[in-house]
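Okay, structure first, notes after.
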Amino acid sequence: MPLRIDRNLLQLTLIASTLYQGLAKRLGARYPVAKSRILFNHFVRAPATVITREDPVIIRLARRAHNNALRAAGYLGPQGRIPWRHDRQRVIEYR
């Protein structure tokens, strides 16, 4: 019996893999060979609070041991504008 994989699922998996590789490269020397599971557990699955006021949109990350890698990679502070949110500034910070 042949294994059937939905084409959309395969495309989403490839996109996610590419995004994880980009994150790993931007995080620097400690993470370029990290598996996506490690990156997910250290960075993506982090608790956060999103505050939406006039401007900016603030994303407050809970303090975690791995946040220093985010700071070193330039992920904290202003991160550009969000076009679909009326061009509001996006800021990532610690709680």
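Scanning the range 36-52 for residues that are out of contact with any Leu (no Cβ under 8 Å at 6 or more places or on another chain) and under 22 Å from Lys25 (Cβ atoms) gives Ser36, Arg37, Ile38, Phe40, Asn41, His42, Val44, Arg45. Quick check, is Ala16 closer than 21 Å to Gly77 by Cβ, under 14 Å from the mean Cα position of the chain (by Cα) and surrounded by 11 or more Cβ atoms within 10 Å (Cβ to Cβ)? Here the answer is no, as Ala16 does not meet what is asked. Going through the range 50-67 one residue at a time, which ones are more than 14 Å from the chain's Cα centre (by Cα) and of a type outside the set (A, V, I, L, M)? Result: Thr52, Arg53, Glu54, Asp55, Pro56, Arg63, Arg64. Remark: pairs (first residue in the range 8-20, under 13 Å from Arg37 (Cα atoms) and assigned by TED's automatic domain parsing to the domain that holds Pro32; second residue in a helix (DSSP H, G or I) and not hydroxyl-bearing (Ser, Thr, Tyr); Cβ separation under 9 Å; 6+ apart in sequence or on different chains) = Tyr20/Leu39; Tyr20/Phe40; Tyr20/Val44. When restricted to residues that are closer than 21 Å to Arg26 by Cα, in a strand (DSSP E or B) and not aliphatic (A, V, I, L, M), the range 56-95 contains 9. Scanning the range 41-50 for any residue that is among the aliphatic types (A, V, I, L, M) and either farther than 24 Å from Thr13 by Cα or in contact with a Pro (Cβ under 7 Å, 6 or more places away or on another chain) (or both) turns up at least one such residue. When you scan the range 49-57, do you find a residue that is in contact with a Phe, Trp or Tyr (Cβ under 7 Å, 6 or more places away or on another chain) and hydrophobic (A, V, I, L, M, F, W, C), even just one? Checking the range 49-57: not a single residue is in contact with a Phe, Trp or Tyr (Cβ under 7 Å, 6 or more places away or on another chain) and hydrophobic (A, V, I, L, M, F, W, C).
The values are calculated or read from the model by the stated rules, or taken from the named source; none is laboratory data. Quick caveat: nothing in here was measured; it's all calculated off a predicted structure. Neighbour counts are summed over all protein chains in view; Cβ atoms, including those assigned to glycine, are modelled from backbone coordinates with ideal geometry.
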